[in-house]
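Coordinate-derived values only; no laboratory data. Here the structure is a predicted model, which means the values were calculated and not measured. We place every Cβ from the backbone using ideal geometry, glycine too, and count neighbours over all the protein chains shown.
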Amino acid sequence: MTLKLMKKYIHLILTTFIISACSPFIDNRGFNHETLDISKITIGTDTKETVMEKFGSPSTTALYPSQPGRSDTKWYYITKQTSTKAFFKPETLNQQTVAVCFNDKGIVIDIIKVEGETVVSMNPDKTISTGYESNVMRDIFGNFGRYSAKSPVPQNNR
């Protein structure tokens with residue numbers, strides 16, 4: 001093999017690697033949205049146990065009820081598909097969320113399906129805590145007087 005032909009092969013191989021590095025990486029996370037057939041669930045009849053048998057355990061659950069004083073719960077089944085090219089930020093191609101709402105007896109009362117990403121804004125309210133406020137002077141001088149110079153006296157257990 002001549003040197004000229006060898007250089008052509010090396011250039012061809014390098015070009016192939018560079019082009020293949022630009023192809024996107026598709027990543028599927030969560031549940032397969034095609035297997036989540038909402039028509040399998042009957043509102044007013046199905047319970048948490050039957051939903052668990054049909055769909056499996058949820059991606060997440062709601063921490064708080066929808067209204068104060070109620071004990072209803074929601075289970076969320078989330079599916080997300082992203083595309084990542086090289087070192088860039090992943091781009092969301094598809095996202096679906098299915099929320100199954102239960103009453104306080106564990107019976108399905110509603111099913112909500114949401115397509116796409118939802119941006120949740122932060123609550124601007126502050127929680128006031130009446131705890132310990134730290135500052136530099138308190139941290140430096142706060143331990144004076146807490147320790148005694150006396151060494152502890154060993155005790156015999158006889």
Checklist entry - From the phi of every residue in segment 107-113, what ³J(HN,Hα) in whole Hz does the Karplus formula 6.51 cos²θ - 1.76 cosθ + 1.60 yield, where θ is phi - 60° and glycine or proline is x? => result 9, 5, 10, 6, 10, 10, 10
Checklist outcome for this item: Across all Cα atoms of the chain, Rg and the largest Cα-Cα distance (Dmax), in Å, are 30.1, 93
Item to check | Listed residues Asp27, Asp37, Asp125, most fluctuating in the chain (Gaussian network, C-alpha, under 10 Å) | outcome: Asp125
Checklist entry - Pick from Thr127, Thr61, Thr42: which is most flexible by mean-square fluctuation in a GNM of the chain where alpha carbon atoms under 10 Å apart are linked? => result Thr127
Checklist entry - Tell me, which longest segment in the chain has none of the GluC sites (Glu not before Pro) that fall in DSSP loops with at most 14 further Cβ atoms within 10 Å? => result 35-116
Checklist entry - Taking θ as phi - 60°, what are the ³J(HN,Hα) couplings along segment 118-124 by the Karplus curve (6.51, -1.76, 1.60), each to the nearest whole Hz, with x for Gly and Pro? => result 10, 8, 9, 7, 7, 7, x
Item to check | Residue of Phe102, Phe144, Phe17 that the Gaussian network model of the chain assigns the largest fluctuation, springs spanning Cα pairs under 10 Å | outcome: Phe144
